[in-house]
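Only one structure is covered here, and it is reproduced in the block below.
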Amino acid sequence: MVWSPVTGAASYQVLQYDPATGGYADALPAGSPSTRTDMVPRQSAAVADSYRYAVRSLDAKGNPAAPVEITLKLADRPEAIPAFKTTANRFDEGVMVEWSSVDPWTVDERPLPTYKIIRTDTATGETDIVDQCKPNSSVDQPLDDPDTYWTWADDDAPLSARKQVNGSCWDVQGKSETTYEYRVVTTDRYGHVSQAGPPATETTPDTQRPATVQDLTAERVPLGVRLTWTPPADTDVSGYRAWQGVTDPDSGETVWKNNCWTGSSLTRTEILCPTVPDGTTHVYKVAAMDDHRDDPLGVLHPAEVSVTLPDTQPPGWTETEVREGQYPDLYVGCSESSGLGDCSRFASYRVERWDPVTAAYVALAEGAMGDAAFYMDTTVHEDRLGLYYYRVVRLDASGVEAVTRSTAYGIWDSWL
């Protein structure tokens, strides 16, 4: 509010009419009277579409003149009030922009003003509008509107305000390692747009994932393949991940399974991927990782390699999984949770291992059901990277084979 000085006036009083009480309340933020002739009046009445204010002059003895009234219609004002405070801080994969704004005449519990952020590259001057933000959640969610909520006004808010709106936006769409200036633009409930608020500057983190590994090679070993590669030139590589392409039995499409094995004796650029040699071509991917260890395959830069494996399976073999272990441990018991059905029908078991030389299964152990729950093969642990095919046969009382379960073991352990 602005008014012309009055001759002989020593001070001025600003009042707001409150329809709820029918009376007038002091509307000067610092209290009446004041010698100023421009003022942002306090909003003391309930939020409405228009407000009545009155200004009257007082002489040196405090005698008031007749008041002059004015009605403030919110729909007629030219623009909204911008935020009075903006901060920007690097946060994980992006920048967290936060702001506070006050609009004494429109801010109530709901609806709150809406906001967008003007993001400017300080080096190029290129400007973008940010109105979609990453939710601050441990669960990955799609981008959404800025988060807003109201509180009672802080000490640093303009004196005319009782309430303020606080907002935040986790901007993850900026370019990697780029310094941006952020300014917040407010839109009130009447559609009025504010000028840009005060600036806040921050540099985005390194969000560029490492480049593709070089010279990816797949070497055939008995338990599958050994993958080796050359590191990319990036200096922030913290490790590597490998995936094997596996056919989804339901859709028939290729899915990427993170099932390869590491080991203490392996270099950082080497990994083992267990694969049943079935005479077909298998595909593998390897990607360099930085500190963002949970990134999905789709945002990385993997290299890909294919290799055709020989068919070393026993006749009729259908299992596709290769278990890891130096000492193959085979379940020979039976319980309700084992999925074997009625355990009372089994009288004995037999453990067999495939012998590729004779092309036949060789019995390793036999026993009565209930005498043991597991059988461990202690004869193959020195054959590192070897692949062995086992089956456990359960027999009924007449010696007829009732159930057979097959398991392939790759002789390896993470400490090797």
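The values are calculated or read from the model by the stated rules, or taken from the named source; none is laboratory data. This one's a predicted model, so the numbers in the text were calculated from it and none came from an experiment. In this analysis, Cβ positions are derived from the backbone assuming ideal geometry, glycine residues included, and neighbour counts consider all displayed protein chains. Just the protein is used for accessible areas: all its heavy atoms, side chains included, with ligands, DNA and RNA removed. Shrake-Rupley method; radii C 1.70, N 1.55, O 1.52, S 1.80 Å.
Do we have Val400 as of a type in the set (Val, Ile, Thr) and touching a residue at least 12 places away in the same chain (Cβ under 8 Å) here? So Val400 does not fit the description; no.
Here Asp311 meets each of (1) farther than 19 Å from Trp412 by Cβ; (2) out of contact with any helix residue (DSSP H, G or I) (no Cβ under 8 Å at 6 or more places or on another chain); (3) touching a residue at least 40 places away in the same chain (Cβ under 8 Å) with one exception, condition (3).
Being in contact (Cβ under 8 Å) with a residue 12 or more places away in the chain, under 27 Å from Asp108 (Cβ atoms) and of a type in the set (D, E, K, R) is the filter; apply it to the stretch 155-204 and report the residue that is least open to solvent (accessible area, probe 1.4 Å). Looking at residues that are in contact (Cβ under 8 Å) with a residue 12 or more places away in the chain, under 27 Å from Asp108 (Cβ atoms) and of a type in the set (D, E, K, R), I get Asp188. Restricted to the stretch 77-105, and to residues there that are exposed (fewer than 14 other Cβ atoms within 10 Å of the Cβ) and more than 27 Å from Leu28 (Cβ to Cβ), the residue that is farthest from the chain's Cα centre (by Cα) is Asn89. For the stretch 343-390, residues that are of a type in the set (S, T, N, Q) and under 10 Å from Val332 (Cβ atoms) total 1. Those strands (runs of 3 or more DSSP E) of the stretch 1-101 in which at least 2 residues are farther than 29 Å from Pro198 by Cα, considering only elements entirely within it, cover 11-18, 23-26, 50-58, 68-73.
Reported count of residues in the stretch 309-342, each being at negative phi and open to solvent by 70 Å² or more (accessible area, probe 1.4 Å), is 13.
Taking the criterion of being touching a Lys or Arg at 6+ places or on another chain (Cβ under 8 Å) and of a type in the set (S, T, N, Q), the residues of the stretch 178-206 that qualify are Thr187, Thr203, Thr204.
Identify the residue in the stretch 359-407 that is open to solvent by 40 Å² or more (accessible area, probe 1.4 Å) and β-branched (Val, Ile, Thr) and, among all such residues, is nearest to Thr320 (Cα to Cα). If we take residues in the stretch 359-407 being open to solvent by 40 Å² or more (accessible area, probe 1.4 Å) and β-branched (Val, Ile, Thr), then Thr404 is nearest to Thr320 (Cα to Cα).
Would you call Gln132 farther than 24 Å from Pro78 by Cα, of a type in the set (S, T, N, Q) and out of contact with any strand residue (DSSP E or B) (no Cβ under 7 Å at 6 or more places or on another chain)? Criteria not met by Gln132. Within the stretch 129-142, residues that are more than 23 Å from Val184 (Cα to Cα) have Cβ atoms under 8 Å from residues that are in a loop (DSSP other than H, G, I, E, B) in these pairs: Gln141/Lys134; Gln141/Pro135, counting only partners at least 6 apart in sequence or on another chain.
Residues that are within 29 Å of Gly167 (Cβ to Cβ), modelled with pLDDT of 90 or more, open to solvent by 40 Å² or more (accessible area, probe 1.4 Å) and touching a helix residue (DSSP H, G or I) at 6+ places or on another chain (Cβ under 9 Å): does the stretch 53-74 have at least one? No: the stretch 53-74 contains no residue that is within 29 Å of Gly167 (Cβ to Cβ), modelled with pLDDT of 90 or more, open to solvent by 40 Å² or more (accessible area, probe 1.4 Å) and touching a helix residue (DSSP H, G or I) at 6+ places or on another chain (Cβ under 9 Å). The strands (runs of 3 or more DSSP E) falling completely within the stretch 231-304 that include 2 or more residues that are open to solvent by less than 60 Å² (accessible area, probe 1.4 Å) map to 239-247, 270-274, 281-289. Residues in the stretch 205-230 that are open to solvent by 60 Å² or more (accessible area, probe 1.4 Å), not polar (S, T, N, Q) and not in a strand (DSSP E or B): 1 in all. Residues in the stretch 106-150 that are among the β-branched types (Val, Ile, Thr), part of a loop (DSSP other than H, G, I, E, B) and surrounded by 12 or more Cβ atoms within 10 Å (Cβ to Cβ): Thr106, Val107, Thr122.
Might you let me know whether the stretch 33-43 holds any residue that is among the polar types (S, T, N, Q), without any contact (Cβ under 8 Å) to a residue 60 or more places away in the chain and either open to solvent by less than 50 Å² (accessible area, probe 1.4 Å) or under 30 Å from Pro111 (Cα atoms) (or both)? Taking every residue of the stretch 33-43 in turn, at least one turns out to be among the polar types (S, T, N, Q), without any contact (Cβ under 8 Å) to a residue 60 or more places away in the chain and either open to solvent by less than 50 Å² (accessible area, probe 1.4 Å) or under 30 Å from Pro111 (Cα atoms) (or both).
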